[in-house]
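Throughout, read-outs are computed from the coordinates displayed, never taken from laboratory work. These numbers come from a predicted model, not from an experiment. Please note: Cβ atoms are built from the backbone with ideal geometry, for glycine as well, and neighbour counts cover all protein chains shown.
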Amino acid sequence: MSVPTFPAGGTLLDTFKKSFVDVPVDAEKDNAIATTDFLDAAESLCTIFDALGSNDMMGNVKKIRERQLVAPAESATLQELVMNELKTKKHVATEGLVWLVRGLDFTCIALSQNLAKDGEELSESFRNAYGNTLKPHHSFLIKPVFSAAMSACPYRKDFYSKLGSDDAKVIVAILKGFQDRKESKW
């Protein structure tokens, strides 16, 4: 996937199908998150990684979408999708959601840190975020590859001129809390 073009004076955010701020969260139903809206926002946000030169989060979006298509009546919210998939003794989409949330958490922390530290290059912010989010879950073979990939981050000024800003922190926190529950594990 290549970085989409956007209108003159616009940013990559102008091309997003959906933003995380538009994803409904039903507080009365234990913070249930609408599956389709979440996946549309995640897919849009994943285009950031095209701008960074790497994008493996889309594979996780695909796994969740495939489960949603197989069992749409049982997948209105991400939480329902996970619980119903686990009843089938499978966990492809559930595992995809775990890795997608980890990736979103990584992205959110890296960009938040980078915005808070004027002058810090993206490579440093992403390396720091990696150590606190994805690194504990990667094998010894993946860690050096991922760390080296952070060196390929574009310069801060080039990156932000393309992107603008977006904040997925609230939804990521809800999903991390859900994934910590015993019933959402395989």
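Computed from phi, the 3J(HN,Hα) profile of the stretch 146-155 under the Karplus parametrisation 6.51, -1.76, 1.60 (θ = phi - 60°) reads 5, 4, 5, 4, 5, 5, 8, 4, x, 5 Hz, with x in place of Gly and Pro. When Rg and Dmax are taken over the Cα atoms of the stretch 16-184, they come to 16.1, 49 Å.
Over the stretch 16-184, Cα pairs under 8 Å with separation of 6+ residues give a relative contact order of 22 percent.
For a paramagnetic label modelled on K157 (point 7 Å from Cα along Cα→Cβ), amide N atoms under 12 Å away belong, within the stretch 114-128, to 119.
Computed from Cα atoms alone, the Kirkwood hydrodynamic radius reported for the stretch 25-110 is 13.2 Å. The per residue volume of the convex hull around the alpha-carbon atoms of the stretch 118-160 is 62 Å³.
Listed by chain and number, the lysines placed with their C-alpha closer than 23 angstrom to that of K63 are K17, K18, K87, K89, K90, K135, K169, K176, K182, K185; residues fewer than eight positions away on the same chain are left out. Note on the stretch 74-135: semi-axes of the ellipsoid equivalent to its C-alpha gyration tensor, largest first and rounded to whole Å, are 33, 11, 6.
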